[in-house]
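The values are calculated or read from the model by the stated rules, or taken from the named source; none is laboratory data. The structure displayed is predicted, hence computed values, not measured ones. All Cβ positions, even for glycine, are placed from backbone atoms using ideal geometry, and neighbour counts span all protein chains on display. Just so you know, the surface numbers come from the protein's heavy atoms only, side chains and all, with ligands and any DNA or RNA stripped out. Shrake-Rupley method; radii C 1.70, N 1.55, O 1.52, S 1.80 Å.
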Amino acid sequence: MDNRGAPLGIAFRHFYPNFNPNAFWLPVFSYSLDRDVYVTTEKRADIVVTSVFESFRDIWKRRLFTRSRLPKTPSRSVKAREGARQIWLTGENLRPPVEDYDLTISFDIDSYGGSNLYFPVAFEFLYWPDYGALGQEPLRTTYGVPRLDARTSSRPRNHQVSDRPNFACAFIGNPEPTRLRAISELRRRGEVEVFGSAFGRPVPSKADVAKDFRFMLAFENDVFPGYVSEKVLDAYACGCIPLWWGDDAAGLINSSAMVNAHDFRTLDGFADYVAELDSHPETIDQMASLPLFKRTPTLDGLVQALRNLFPS
């Protein structure tokens with residue numbers, strides 16, 4: 001006898017182009033709520049998930065009519081039917097809104113009395129064999145990066161980078177100034193190859209390119225406590241030593257497995273340290289063999305937060 005509850009309709013609004021709910025979020029909802037789930041419209045949904053993406057049309061209208069250059073966080077759905085649960089979810093460095101959502105999921109480490117769940121987007125890009133459909137293929141992300149197994153990500157690996165022929169690489173879609181300055185400083189110490197749409201050099205697979213480099217630039221778009229995106233994970237999963245810039249306030253990342261520019265007073269000092277590190281092959285091989293996470297990642301907190309929306 002099937003004890004699963006009735007299927008649940010989920011609407012996703014204000015998400016980025018090419019967002020694929022089947023890659024992570026639909027399987028998470030299905031596993032957490034023990035229901036079949038499907039994508040539907042706001043008016044028919046049992047759950048409405050609102051993210052923060054602004055289309056070019058929205059940005060143009062905002063700048064034309066309000067002269068504001070600051071992004072506007074989308075409001076709750078007014079089309080949602082009565083009784084629908086509403087969730088605010090961001091993969092960007094934005095604080096949860098004050099509006100009365102049933103749950104907010106963000107980079108903010110403050111729970112705000114239990115209404116907000118801290119969830120680093122890096123977790124979306126892991127392989128989760130202990131969580132139903134999340135343990136199925138594909139084993140590479142849309143960026144061609146191998147999915148690191150969540151169960152083994154906190155264990156050492158047998159890995160070398162010293163025999164790779166090239167110094168450092170970067171994959172950049174957003175030419176954020178600090179990121180570009182770091183590249184300039186690193187180029188004073190060695191050759192840095194830059195790929196990505198911002199430089200007219202898009203690549204189908206980061207891993208296929210990065211395999212020839214010892215270091216990968218993995219700067220966040222901004223530094224804020226808890227803001228940990230997929231960038232540091234991408235570098236590590238591609239076998240490079242991550243050159244990160246971020247604030248891991250939740251204590252997830254093993255700081256010995258990377259170089260964090262945020263730990264240095266200047267980018268000049270950061271680049272000097274990387275160059276000195278690179279001159280010691282045994283040291284960088286030991287570093288590359290360390291686990292990325294301090295402890296084994298888990299989705300238990302997210303699962304429980306979603307289950308609380310539909311108590312049995």
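Under unit Cβ charges (Lys, Arg +1; Asp, Glu -1), what dipole magnitude, rounded to 20 debye, does the chain have relative to its Cα centre?
Dipole magnitude for the chain comes out near 1020 debye.
Considering only DSSP beta bridges whose two residues both sit in segment 118-217, what percent are antiparallel, to the nearest 5?
In segment 118-217, DSSP labels about 20 percent of beta bridges as antiparallel.
Order the following by accessible area, largest value first: Leu180, Leu306. Probe radius 1.4 Å; ligands, DNA and RNA are ignored.
Per-residue accessible area, sorted high to low, gives Leu180, Leu306.
(i) 20.7, 67; (ii) 17.5, 54; (iii) 19.0, 62: which one is Rg and Dmax of the Cα atoms in Å as calculated from this entry?
(i)
Over the chain, what is the mean sequence separation of C-alpha contacts under 8 Å (at least six apart), divided by residue count, expressed as relative contact order in percent?
In percent, rounded to a whole number, it is 16.
Rolling a 1.4 Å sphere over the protein heavy atoms, what is the accessible area per residue of the chain, to the nearest Å²?
It amounts to 51 Å² per residue over the chain.
Hull surface divided by four, with the convex hull built on the Cα atoms of segment 167-247: how many nm²?
4.8
Among the aspartates and glutamates, which have Cα under 15 Å from the Cα of Lys43 when same-chain residues fewer than 8 positions away are ignored?
List returned: Glu82.
Whenever you get a sec, compute what percent of the accessible area on the chain sits on carbon and sulfur atoms (1.4 Å probe).
Summing carbon and sulfur atoms, their accessible area is 49 percent of the total for the chain.
In cubic angstrom, how much convex hull volume per residue do the alpha carbon atoms of segment 186-312 span?
Expressed per residue, the convex hull around the Cα atoms of segment 186-312 is 147 Å³.
Dipole magnitude of segment 144-250 about its Cα centre, charges +1 at Lys/Arg Cβ and -1 at Asp/Glu Cβ only, in debye to the nearest 20?
280
If you count the DSSP beta bridges with both ends in segment 158-312, what percent of them are antiparallel, to the nearest 5?
10
For n ≥ 4 DSSP H runs only, could you compute -39500 (n - 2.57) per run for the chain, divide by its residues and tell me the 222 nm figure to the nearest 500?
Value at 222 nm, helices only, nearest 500: -6500 deg cm²/dmol.
Find the Cα radius of gyration of segment 1-45, compare it with 2.2 N^0.38 Å by division, and give the number to two decimals.
Normalised Rg, Cα atoms only: 1.23.
In whole angstrom, how far apart do the alpha carbon centroids of segment 79-127 and segment 192-217 sit?
Each part reduced to its Cα centre gives a spacing of 32 Å.
Which Rg and Dmax, in Å, describe the Cα atoms of segment 215-265?
Rg, Dmax (Cα atoms, Å): 9.7, 28.
How big is segment 67-203 in terms of Cα radius of gyration and Dmax, in angstroms?
Cα-based Rg and Dmax for segment 67-203 come out at 20.1, 61 Å.
To check you understand DSSP bridge types, tell me what percent of the beta bridges within the chain (both residues inside) are antiparallel, rounded to 5.
Taking every DSSP beta bridge with both residues in the chain, the antiparallel ones total about 10 percent.
Taking 0.36 nm per residue of sequence separation and subtracting the Cα-Cα distance, how much length would be gained by fully extending the chain between Glu191 and Lys294, in nm to one decimal?
Roughly 34.0 nm would be gained on extension.
Please list the radius of gyration and Dmax for segment 182-226, considering alpha-carbon atoms only, with Å as the unit.
12.3, 32
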